[in-house]
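Colleague: Have a look at the structure that comes next, please.
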Amino acid sequence: MINRTPTSLKTGLITAMTLSLAMATGSAHALTLYTAGPGSLAKKLAAGYEKQTGVKVDVFQATTGKVMARLDAEQANPRADILISASWDTATDLQKRGWLLEYQSPNATEVPAQFKTPYYVAQGISALGIVWNTKSGTPEPQDWSDLAKPAFKDKVTTPDPALSGASLDLLIGLQNAHAQQAWTLFDELKANGMIIAGPNAQALTPVLQGAKAAVFGAVDYVAYSSVQDGEAIKVIFPASGTVIAPRPMMILKSSKEQKEAKAFIDYALSDEGQKLVAEAWLMPARTDISAKRPLFKTLKLLPEETQPSASRKEVLDRFASLFGQR
C-alpha cells in the first residue's frame, strides 16, 4: 500500500518524536550554541527548543571571525556543542580537522543536496548584494563595477571579510569566477575611496544614516529587515551575478550533550524552526517552507570556478594588504 501521509505531517511527527525523546532523557544540562548571527534568530530558536524539550540553550553570538577564534582558543577545554556559521567554508575546514560529529537530521529531507553533508546542514541561506540609499543622489547601481565610478567616489563601504564569513564568500566567489579581473575591480574600488567598515551591520549603518551611498557585498537579510522598518534603502543583486551563503549548522564532536544537540538540529529544521528562519529574512534551508524575500533559484549567481578555488587565507591576506590592513 502506498503511504500518502503529507510531507509536512511526516516532518511534524518526526520532530515530535525526536523532541519527546529529548524530554524523556530528563537532561538538566544546557546546550551551548555558538552562532554568527542573526542573534535574534538564535535566541528564538533557543527559546522554542527549550519550550519543547526543557533543555536550556546558552547562546554566544558574534561575527564569524570571532566565533572561530573562540573555538580555536578553547580547544584544550571545548565548550560549544553546536556551531552555526555564516560561511560554508568554515564547516568544510572543521570537518577536515576532524572536529565534527556525523549526523543527518530526518528533517533535512526537503533541504537540497547542495546544502547538506553527513556532517553539517544549512540552517538558512543569505545572498550578497549592493545596498543603496535611494535618497543619496547617486544613480541606482546595477552591477558591482558601478560602485567604482566617479558618482560613488568616497561613498561606498564594505564589510570586513575577516569578520564576515559571507563577505569572504563573495570575495572568493568573485576571484574564482573572474580571476585577476576581480582584483582589478578591488583596486578600482580602493582608488575610488571604498572603506572597510567592520562587520555587516557596521558597514550598513553609514548608508542608513546617509553618510555613505552604498554597501558593496552587503548581507541581504540585514538590509531587508531595515527596509521593513521604513529605511530608504534598496537591495540590489548585481546583473553579472552574486553568491549565496548557506549558513551551516554542525555538532562538535567534543560535545558531551550529543543527543540534545541532535534534537536541536532537528528543531531548527522543523516546520516551526524554519518559519523562524524565514521571519529573520533568511531563505529557509527547506524548499517546502515559504519566504518573504527572493529565493536563491531566482538569483543570477556568479559563474562556476574558472580555476581552483582560492583559499580563505590567501584571499584575506591579499585583500587586507590591498586595503592597508597589514
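Colleague: For the stretch 154-254, just say rounded, prolate or oblate: build the C-alpha gyration tensor, square-root its eigenvalues into a ≥ b ≥ c, call rounded for a/c under 1.5, and beyond that prolate if a/b exceeds b/c, oblate if not. Let's see the in-between values first.
Modeller: Working: a/c = 1.69, a/b = 1.08, b/c = 1.56.
Since a/c reaches 1.5 but b/c is at least a/b, the shape of the stretch 154-254 is classed as oblate.
Colleague: May I pose another question? Of all DSSP beta bridges located in the chain, what percent are antiparallel, nearest 5?
Modeller: Antiparallel bridges: around 65 percent, rounded to the nearest 5.
Colleague: Could you tell me the ratio Rg/Rh of the chain? Both radii from Cα atoms, Rh via Kirkwood.
Modeller: Radius of gyration over Kirkwood radius for the chain works out to 0.99.
Colleague: Of Lys256/Lys297; Lys212/Lys275; Lys66/Lys96; Lys51/Lys313; Lys155/Lys300, which ones are farther than 29 Å apart at the Cα?
Modeller: Numbers: Lys256/Lys297 38 Å; Lys212/Lys275 34 Å; Lys66/Lys96 20 Å; Lys51/Lys313 41 Å; Lys155/Lys300 26 Å.
Pairs exceeding the cut-off: Lys256/Lys297; Lys212/Lys275; Lys51/Lys313.
Colleague: What full-extension length gain, to one decimal in nm, is calculated for Glu279 and Gln75 as 0.36 nm per residue of separation minus the Cα-Cα distance?
Modeller: Using 0.36 nm per residue and subtracting the Cα-Cα distance, I get 70.0 nm.
Colleague: Please calculate the 1.4 Å probe accessible area of Ile196, with all protein chains present, and give it to the nearest 10 Å².
Modeller: Counting only protein heavy atoms, the figure is 40 Å².
Colleague: Please work out the Cα convex hull volume for the stretch 180-326 and give it in Å³ per residue.
Modeller: Normalising the Cα hull of the stretch 180-326 by residue number yields 173 Å³.
Colleague: Fully extended, how many nm does the chain gain between Glu110 and Lys300 (0.36 nm per residue separation, minus their Cα-Cα distance)? Could the numbers behind the result be given before it?
Modeller: Numbers: separation 190, 0.36 × 190 = 68.40 nm, distance 2.23 nm.
Gain on stretching Glu110 to Lys300: 66.2 nm.
Colleague: Would you please give the FRET efficiency between Ser321 and Ser40, computed as 1/(1 + (r/R0)^6) with r the Cβ-Cβ distance and R0 = 51 Å, to the nearest 0.05?
Modeller: Once rounded, the FRET efficiency stands at 0.90.
Colleague: Got a number for the accessible area of Trp132? Probe 1.4 Å, square angstrom, nearest 10.
Modeller: Trp132 has an accessible surface of roughly 20 Å² with all protein chains in place.
The values are calculated or read from the model by the stated rules, or taken from the named source; none is laboratory data. Note that the structure is predicted; figures quoted are calculated from it, not measured. Don't worry about glycine lacking a Cβ; one is built from the backbone with ideal geometry, like all the others, and counts go over all protein chains shown. Accessible surface areas use protein heavy atoms only, side chains included; no ligands, DNA or RNA. Shrake-Rupley method; radii C 1.70, N 1.55, O 1.52, S 1.80 Å.
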